[in-house]
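Participant: Could you have a look at this structure, given as structure tokens, before my questions?
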Amino acid sequence: MNKTLEMIGRVLLHPVSVLIGIAVGISIGIYDKPLAAVLAKPGDIYLGLLQMCVLPLMISAIILSVGRLLQSRDAGRYVSRLFLVFVAGMMLASVTGLVVGIIGKPGLGLDKQQKIMLGKEISRVERGDASAQTEGARKDLWSFVSEMIPRNVFRSINEDKNLPVLFFCLIIGVALGLVRSANSNAALAIADATYEALLKIVAWLMYGMPFGLCCLLADQIARIGAGMLIALGRLVILINVAALILLVAYIIIIWLKSRRPFLESLVALRRPFIVAVGTSSSFAALPFALEGLTRRLKFEKEKVDLIIPLGFTLNPQGNIVCFSLMAVFMAQLYDVPLTSGGLVGVLFVSIMAGVAASSAPGIAALSMLALVLEPFSIPAAVGVILVTAINPVIDPILTAVNVYGNCAAASMVAKRIDKPTIDSSPDEAQRVTTLA
């Protein structure tokens, strides 16, 4: 019986099984939309099970890593290096979006049919609450800082506001790291045990990944409208091109820093990539990114456990490259000249808007595009409408950019160790190797 279950587990965890699930889901979404609608509910349940573990995993990982970091001697040097890596990564994402947009010219040369399609879509949404969509983006810096501080951390958790929760976890971790008592060590040990237990639950959920991705992709593909894809085809293609440029750069960085064969470093992070593309959720890919970097590529656990959750909120490179390219697209669409000063403005504002979007749920995240467009007197509501229309198509690849960008940042800051992690026994290491 045990051998049979082990064989079934190996089949379900094999990459071929996952690819079959993805292919079946895409086929159902294209050719059988009623079935795709039925599969949407089990897909949501599977995504909910993954997300159930993500927030407590993020909380325990950040508290543990910050507390352990402050108990070491290199905290100041490490934090400054992390800040520089995050800023450099966000600048790279913004510049890539600008360059691809300027060269590709997605907002120029639209034919009459494409303009009619865009006009119909804009009119349809503007009859609704498009103005309300951009209202949440009209905030100054002080409002952003104020909202980062949780008045009620449990309400922030309930409303999916990650930035206030992240701030609270950082404060708790700093306090535990500075207390340096037996009780604080016990609290950090509890956080460590919670972290390991949650990773175990995620490992169980991995067995359902072929079915979960099939259901999620079937529903997602079925909901994509062909009309807007035709009208905004060049923009969608260029966003994917910019994302692929960044992904290649990140993969090369991880390969060089891991000092492993290229194929081995690529395979080590295949699971977070698949989950990111299949679920369009960076945080759903969080446990798989942590496992790939620490247990497979052997980067320092304490630093990786801090950088990845922190980066998913403060270093959202997928959001940034999308916003900077959308700014160029809208400027070209409305014949607004982008001077050198305007490009520099887009460079920095897209970074701020991307960070703000990472802590906002749903449509509120996309509405942060208004921050980028307002300085150029471009109708912000129109930009939000268009990016919302193509979001189901571009969100998977942009989520992968967020995940891989922060994996690359972690590989640049965390050192690589050649011995197994302290919390991995020989039996556990053998089990992980078998499942791989």
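What follows draws every value from the coordinates through simple rules; no lab data is involved. Every value quoted in this text rests on a predicted model; they were computed, and no experiment measured them. Every residue, glycine among them, receives a Cβ derived from its backbone with ideal geometry; neighbour counts consider all protein chains shown.
Participant: Applying 1/(1 + (r/R0)^6) with R0 = 60 Å to the Cβ-Cβ distance of Lys3 and Val95, what FRET efficiency is obtained, to the nearest 0.05?
Facilitator: 0.65
Participant: Order of 156-168, 332-344 by packing, highest average Cβ count within 10 Å first? Before the final figure, lay out the partial values.
Facilitator: Values: 156-168: 18.3, 332-344: 13.4.
So the order, starting with the most tightly packed, is 156-168, 332-344.
Participant: Given a Förster distance of 60 angstrom, what is the FRET efficiency for Ser184 paired with Leu19, based on the Cβ-Cβ distance and rounded to 0.05? Let's see the in-between values first.
Facilitator: Working: r = 46 Å, r/R0 = 0.77.
The calculated FRET efficiency here is 0.85.
Participant: Let me ask something else about it. At what distance in nm do the modelled label points of Ala203 and Ser27 sit from each other, each positioned 7 Å from its Cα along Cα→Cβ?
Facilitator: So the two model labels end up 3.3 nm from each other.
Participant: Using 0.36 nm per residue, how much length does the chain from Val174 to Val87 gain when fully extended, once their Cα-Cα distance is taken away?
Facilitator: Answer, rounded to one decimal: 29.1 nm.
Participant: Give me the extension gain from Val344 to Ser377: residue separation times 0.36 nm, minus the current Cα-Cα distance, reported in nm with one decimal.
Facilitator: Computed gain between Val344 and Ser377 is 10.2 nm.
Participant: Say R0 is 45 Å: what FRET efficiency, to the nearest 0.05, do Val38 and Arg151 get from their beta-carbon distance? Intermediate results must be reported in sequence, preceding the final value.
Facilitator: Details: r = 41 Å, r/R0 = 0.92.
Plugging the Cβ-Cβ distance into 1/(1 + (r/R0)^6) gives 0.65.
Participant: Which ³J(HN,Hα) values, rounded to whole Hz and listed in residue order, are derived for segment 306-312 from phi using the Karplus coefficients 6.51, -1.76 and 1.60 in 6.51 cos²θ - 1.76 cosθ + 1.60 with θ = phi - 60°, glycine and proline given as x?
Facilitator: Couplings: 8, 5, 5, x, 5, x, 4 Hz.
Participant: When only DSSP loop residues count, what trypsin sites (Lys or Arg not before Pro) in segment 46-97 have their Cβ near at most 16 other Cβ atoms within 10 Å?
Facilitator: Loop-located and lightly packed - Arg73.
Participant: Taking 2.2 N^0.38 Å as the expected size of a compact globular protein, what ratio does the Cα radius of gyration of segment 1-85 give against it, to two decimals?
Facilitator: Cα-based Rg divided by the globular estimate yields 1.77.
Participant: Right, something else. If you find the alpha carbon centre of segment 1-51 and of segment 171-210, how far apart are they in angstrom?
Facilitator: Taking the Cα centre of segment 171-210 as reference, the centre of segment 1-51 is 29 Å away.
Participant: So who's got an amide H within less than 5 Å of the one on Phe299, skipping anything under 5 residues away but keeping other chains? H placed 1.01 Å off N, in plane.
Facilitator: Thr294, Ile417
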